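A short write-up of the structure that comes next.
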Amino acid sequence: MLLCAQIYFEKNSMVKSEAVYRQASQVIPGGVSANIKYFPPFPIVMKKGYGSKLVDMDDNEYIDYSLCYGALVTGHGHKRIMQATADFLHQSGTAIFGTPHELEAVMAEKLAQLYPAIDMVRFTNSGSEAIQLAIRLAIAYTGKEKIGKFEGHYHGGLNHMLVSINPDHEEAGDAHRPHRIPESKGIPKHELDQTLVLPFNDLESVETILREHKDDLAAVILEPVQGGFIPATPAFMKGLRELTEELNIVLIFDEVKTGFRVHLGGAQRVFHVKPDITTLGKVLGGGYPIGAVGGKKDIMMLSAPNEESDVFATGSKSRKKDEVVFHSGTYNGHPIALAAGLETIHMLEEDGVMNDIARQTNKLRDQLEKLYATYDVPMQTIGMGSIFNIVLTDKPIHNYRDMWQSNTALRQKIDQALLQLGIFSKPLNRYSMSLAHSEADINRTVAAHEKALQRVKG
Ligand SMILES: Cc1ncc(COP(=O)(O)O)c(C=O)c1O
């Protein structure tokens, strides 16, 4: 079944991309600034973006479903975002003041209004930094030191969060009591020992583990929608909230992916569950580096400086460092990121906009599911709001281990073929949509998938 004439983009050579990559590899380990950006034989080097499109060094055009790993919900170079950042620079005469400024309070108020579990906010430069502060606050608040995280969940590059994100079959251990598997070299054992690995969407096992460790556990952190596409069940969410409350464990929702994508007010608005701390990033910066930690006032206030008890306080006589949670950073609360982020949120708040992106996303998901069915390839799309993933199995998916049943070898081949056909996603990664993705983009994408299926099956 050929849905349309040849409307996908067939690619030309990638000689310039390869040359830049080779040059970079001489001076940058692996030629990339973030390991996730590498894929074989070499990552494609881009030089331009507009709307839903990316253009590489060799002038090949792609419909972008990575969108900087979900950050660019308005697409590339939206004129309102460009204007907001240009206006800020023009009016302020500088990129950053290095002092408090108005946009910090404006954004913090906006987040408190949108996210039910946020009373107060601190800004960081990345999602990873937000997680670091969230965990430090939880440890300070409870006086306990261990952190529970779920198998398959990603929380950035902190030492003790780089655990059991993508463990192998053989080493992962009992499904009800997963092993703790480090995901990086160079992490001290004593830091790994602070992390407990929990099975997602398995309330009974989680309850057993939490009760056993209740005196050590400062916090449980989770992606409410694992990897941005596998949602917690409502019963699991409710049960986890009740348990953590009862056991005096801080519940952290890592909404770096889900914030502004599954709902303007994040997954907590979808599940109607209030965590104690929320972390945000990606969309919040409108394309610029940012992270945020928000939460209950009594927890957040632990990071407030006061003249007598801060590491930066002058005079050492009355300094009591152990009374304040350290949080600082040269670029924290960067006004350009906040200007871009606020304009992004204003656009998303306009009537019907969130529904429109979700509707477009569902349209693409439906058409892809129908297409794969005609080619007899077991497949389902899983996701929420404007993010989803293509999973090549018809078995139900509720956690990381269920994904072992999906045909990743075939998905890998399809993704490589799609890159040749002008569809950009990091192979095996999820798809994110933007305000800029049009009907024509959807048609092109479905046609490219059809061509890719013919290629890999043929
Ligand atoms: C759920 C989640 N938490 C934390 C992070 C880390 O954010 P950043 O890459 O901005 O440090 C990510 C990044 O992908 C994420 O998806």
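The values are calculated or read from the model by the stated rules, or taken from the named source; none is laboratory data. If you're wondering where the values come from, they're calculated on a predicted model, not measured in any experiment. Methodologically, a virtual Cβ is constructed for each residue, glycine included, from the backbone with ideal geometry; neighbour enumeration extends over all protein chains shown.
Filter segment 57-82 for residues that are touching a residue at least 40 places away in the same chain (Cβ under 8 Å) and in a helix (DSSP H, G or I); which is farthest from ASN429 (Cα to Cα)? Don't jump to the end; show me each part of the working.
The first filter runs over segment 57-82 and keeps only residues touching a residue at least 40 places away in the same chain (Cβ under 8 Å), leaving 57-76, 78, 80-81.
The next check asks that each one be in a helix (DSSP H, G or I); those that pass are 67-70, 80-81.
Details: LEU67: 11, CYS68: 12, TYR69: 9, GLY70: 11, ARG80: 28, ILE81: 26 Å.
Across segment 57-82, the extreme among qualifying residues is ARG80.
What are the residue pairs meeting all of these: first residue in segment 237-249, first residue of a type outside the set (A, V, I, L, M), second residue at pLDDT 95 or above and assigned to a helix (DSSP H, G or I), Cβ atoms under 7 Å, and 6 or more apart or on different chains?
Here the result reads GLY239/LEU203; ASN248/THR142, each pair linking segment 237-249 to a residue that is at pLDDT 95 or above and assigned to a helix (DSSP H, G or I).
List, please: which pairs have Cβ atoms under 6 Å, are six or more places apart or on different chains, and start with a residue in segment 199-215 that is in the same structural domain as GLN226 (by TED's automatic domain parsing) and end with one that is hydroxyl-bearing (Ser, Thr, Tyr)?
Partner pairs satisfying both residue conditions: PRO199/SER205; ASN201/THR233.
Would you mind finding the one in ALA134, ALA138, ALA108 that is over 16 Å from GLN194 (Cβ atoms), buried (at least 19 other Cβ atoms within 10 Å of the Cβ) and in the same structural domain as PRO335 (by TED's automatic domain parsing)? Break it down into steps so the answer makes sense when it comes.
Details: ALA134 fails: over 16 Å from GLN194 (Cβ atoms); ALA138 fails: over 16 Å from GLN194 (Cβ atoms).
So the residue among ALA134, ALA138, ALA108 that is over 16 Å from GLN194 (Cβ atoms), buried (at least 19 other Cβ atoms within 10 Å of the Cβ) and in the same structural domain as PRO335 (by TED's automatic domain parsing) is ALA108.
Looking at PRO43, PRO100, which is the one that is without any contact (Cβ under 8 Å) to a residue 60 or more places away in the chain, out of contact with any strand residue (DSSP E or B) (no Cβ under 9 Å at 6 or more places or on another chain) and assigned to a loop (DSSP other than H, G, I, E, B)?
Values: PRO100 fails: without any contact (Cβ under 8 Å) to a residue 60 or more places away in the chain.
So the residue among PRO43, PRO100 that is without any contact (Cβ under 8 Å) to a residue 60 or more places away in the chain, out of contact with any strand residue (DSSP E or B) (no Cβ under 9 Å at 6 or more places or on another chain) and assigned to a loop (DSSP other than H, G, I, E, B) is PRO43.
Please go through segment 129-161 and give me each residue that is more than 11 Å from the ligand (Cβ to nearest atom) and among the aliphatic types (A, V, I, L, M), ordered by number.
Listed by number, the residues that qualify are LEU133, ILE135, LEU137, ALA138, ILE139, ALA140, ILE147.
Collect the residues in segment 407-428 that are in a helix (DSSP H, G or I), under 23 Å from the mean Cα position of the chain (by Cα) and in contact (Cβ under 8 Å) with a residue 60 or more places away in the chain, keeping them in residue-number order.
LEU419
Of all residues in segment 230-267 being among the small types (Gly, Ala, Ser) and surrounded by 18 or more Cβ atoms within 10 Å (Cβ to Cβ), which is farthest from ASN399 (Cα to Cα)?
Only one residue fits best here, namely GLY265.
For segment 251-280, give me each residue that is of a type in the set (S, T, N, Q) and within 12 Å of the ligand (Cβ to nearest atom). Steps first, answer last, please.
Step one: filter segment 251-280 for residues of a type in the set (S, T, N, Q), giving 258, 268, 278-279.
If the condition is that a residue be of a type in the set (S, T, N, Q) and within 12 Å of the ligand (Cβ to nearest atom), then THR258, THR278, THR279 are the ones that fit.
Taking the conditions exactly as written (polar (S, T, N, Q), within 16 Å of the ligand (Cβ to nearest atom) and touching an Asp or Glu at 6+ places or on another chain (Cβ under 9 Å)), does ASN166 satisfy them or not? It would help to see each step written out before you state the result.
Numbers: polar (S, T, N, Q): yes; within 16 Å of the ligand (Cβ to nearest atom): yes; touching an Asp or Glu at 6+ places or on another chain (Cβ under 9 Å): yes.
So ASN166 fits the description; yes.
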